[in-house]
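Participant: The structure under discussion is supplied below as structure tokens; questions concerning it will follow.
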Amino acid sequence: MKKMFLLLACTSMMASSAMAQMSIVKEVAKAAGSNKIEELQGALQAIQPALNNPETAMNAQTWFVAGKAAFGLFDQMQAHKQLGDAVDAAEMGKALMDGFNYLQTALPLDSIKETNKDGSFKLDSDGHVKVKTKFSKDITSLLASHINDVYVFAGDCINDQKYDEATKAYDYFFNLMEKDYAKKAGISLSAEDLAMTKFFQGFAQYYTKDYANAYKNLTTAVKGGYKENSVDLYQTSALANVVQDKIDAKDFAGANAFVDEAIAATPNNSVLYDMKGFVVEQDKGTDAAVPFYQKAVELDPNNADANFNLGRMYYNQASVIIQQNPDATTSQMVPKLQPIYEKALPYLKKAVELDPEKAGNGAKRLIEDIDYKYEQMGIKK
């Protein structure tokens with residue numbers, strides 16, 4: 001009997017707690033429409049217990065009120081910011097993201113099954129239980145009206161060099177764009193704006209070292225016609241970092257697959273074939289890499305790196321011959337080495353001409369070594 005009494009007492013306390021939390025929700029609902037930052041901050045703090053209470057956390061109104069208060073706080077802080085007042089950017093961003101999280105939690109909870117007078121569920125013509133909503137219209141309206149704010153917030157994070165936050169915001173923005181309420185509201189980006197946004201998304205990912213996704217989004221930006229902010233350099237660097245990481249991990253299959261996918265998407269890209277040559281060189285050696293470096297030069301004769309790498313491959317082939325013939329005389333080596341060096345020199349010299357500082361530095365050293373070997377072999381240039 002005593003145990004039953006305790007159970008009843010606990011049940012009574014839980015019911016009382018749930019009622020108390022719903023009472024708080026109703027009080028917060030009044031404050032959620034305030035235009036005062038302090039009152040909205042207080043409302044968000046006050047409703048937190050209701051969000052964690054098992055009873056009230058299953059009620060759409062709880063999350064709707066919290067979301068409305070969060071968006072209200074964001075709106076008021078944004079208004080103050082536009083007037084030139086100082087605002088806490090971190091709190092403002094959190095209020096925006098919390099607003100979306102709260103309201104999107106509320107949306108699927110906002111469905112009430114209609115009942116007949118006898119308590120049975122009402123059915124539609126197809127035999128499905130009829131469902132009505134109470135807050136969904138207001139929820140979707142609030143959500144749709146704040147999607148662009150996520151876009152602006154992401155840009156502000158870029159300006160503040162908060163790349164991790166910017167990455168999350170851009171990911172969130174594109175996720176929101178796929179929601180039914182966004183599509184019904186006609187929210188979309190023009191092709192030009194999409195390309196620009198994909199650049200900044202990739203730009204943020206680049207600085208968080210998420211190179212694979214950075215390359216994906218930067219490539220989308222390039223394909224969309226975006227040409228600003230050295231997008232091609234970021235795209236190439238992102239690709240190089242992905243490939244280098246895979247090579248460092250001895251994941252040659254992964255590196256090859258990544259570059260092959262990139263080539264399939266942009267088959268006439270000299271940089272990609274130069275990168276493919278590098279991967280193959282690390283995996284299978286000089287001879288296997290030569291055709292890819294040749295293709296890179298063929299696609300763009302002014303690609304300094306490709307010219308240097310192709311010249312370097314021919315130089316390496318000559319070095320292998322020297323190692324394989326330790327006892328050969330100078331006269332015996334001339335016909336073996338000179339034809340290969342003659343193939344290497346034009347590409348090495350072109351690399352120096354195109355890029356004296358980067359590719360040219362390595363090329364100059366190889367040219368000097370070839371000149372020395374020519375002198376030793378008595379070959380006149």
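The values are calculated or read from the model by the stated rules, or taken from the named source; none is laboratory data. All of these numbers come straight from a predicted model, not from anything done at the bench. Every residue, glycine as well, gets a Cβ built from its backbone with ideal geometry; the counts of neighbours run over all protein chains shown.
Participant: If I go through segment 221-243 residue by residue, how many of them are basic (Lys, Arg) and in a helix (DSSP H, G or I)?
Facilitator: Counting residues in segment 221-243 that are basic (Lys, Arg) and in a helix (DSSP H, G or I) gives 1.
Participant: Please determine, by comparing only the residues of segment 209-267 that are within 22 Å of Asp164 (Cα to Cα) and small (Gly, Ala, Ser), which one is surrounded by the fewest Cβ atoms within 10 Å (Cβ to Cβ).
Facilitator: Looking at the filtered set, the residue picked out is Ser230.
Participant: Search segment 65-100 for residues being touching a residue at least 24 places away in the same chain (Cβ under 8 Å) and polar (S, T, N, Q), and hand back the single one that is farthest from Ile24 (Cα to Cα).
Facilitator: The qualifying residue farthest from Ile24 (Cα to Cα) is Gln78.
Participant: All but one of (1) part of a helix (DSSP H, G or I); (2) of a type outside the set (Asp, Glu); (3) more than 23 Å from Ala204 (Cα to Cα); (4) in contact (Cβ under 8 Å) with a residue 24 or more places away in the chain hold for Asn268, so report the exception by its number.
Facilitator: The single condition Asn268 does not satisfy is (1).
Participant: If Gln324 meets every condition in (1) under 26 Å from Lys364 (Cα atoms); (2) in contact with a helix residue (DSSP H, G or I) (Cβ under 8 Å, 6 or more places away or on another chain) apart from one, which number is that one?
Facilitator: The one condition Gln324 does not meet is (2).
Participant: May I ask you to list the residues in segment 312-333 that are surrounded by fewer than 16 Cβ atoms within 10 Å (Cβ to Cβ) and more than 46 Å from the chain's Cα centre (by Cα)?
Facilitator: Passing the criteria: Ile321, Ile322, Gln323, Gln324, Asn325, Pro326, Asp327, Ala328, Thr329, Thr330, Ser331, Gln332.
Participant: Determine whether segment 336-356 contains at least one residue that is buried (at least 17 other Cβ atoms within 10 Å of the Cβ), over 28 Å from the mean Cα position of the chain (by Cα) and farther than 30 Å from Gly378 by Cβ.
Facilitator: Yes; the residues of segment 336-356 include at least one that is buried (at least 17 other Cβ atoms within 10 Å of the Cβ), over 28 Å from the mean Cα position of the chain (by Cα) and farther than 30 Å from Gly378 by Cβ.
Participant: Among the residues of segment 24-48, how many are in a helix (DSSP H, G or I) and in contact with a helix residue (DSSP H, G or I) (Cβ under 6 Å, 6 or more places away or on another chain)?
Facilitator: Residues flagged as in a helix (DSSP H, G or I) and in contact with a helix residue (DSSP H, G or I) (Cβ under 6 Å, 6 or more places away or on another chain) within segment 24-48 amount to 12.
Participant: Answer with yes or no whether Thr105 is surrounded by 14 or more Cβ atoms within 10 Å (Cβ to Cβ), among the polar types (S, T, N, Q) and either in contact with a Phe, Trp or Tyr (Cβ under 6 Å, 6 or more places away or on another chain) or modelled with pLDDT under 90 (or both).
Facilitator: Yes; evaluated as a whole, the condition is true for this residue.
Participant: Sticking with this structure for a sec: Is it true that Asn309 is part of a loop (DSSP other than H, G, I, E, B), under 33 Å from the mean Cα position of the chain (by Cα) and free of Cβ contacts under 8 Å to residues at least 60 places away in the same chain?
Facilitator: Details: part of a loop (DSSP other than H, G, I, E, B): no; under 33 Å from the mean Cα position of the chain (by Cα): yes; free of Cβ contacts under 8 Å to residues at least 60 places away in the same chain: yes.
No: the conditions fail for Asn309.
Participant: Further question on the same structure: Quick one: which residue in Thr167, Thr140 is modelled with pLDDT of 95 or more, of a type in the set (S, T, N, Q) and in contact with a helix residue (DSSP H, G or I) (Cβ under 6 Å, 6 or more places away or on another chain)?
Facilitator: Of the residues listed, the single one that is modelled with pLDDT of 95 or more, of a type in the set (S, T, N, Q) and in contact with a helix residue (DSSP H, G or I) (Cβ under 6 Å, 6 or more places away or on another chain) is Thr167.
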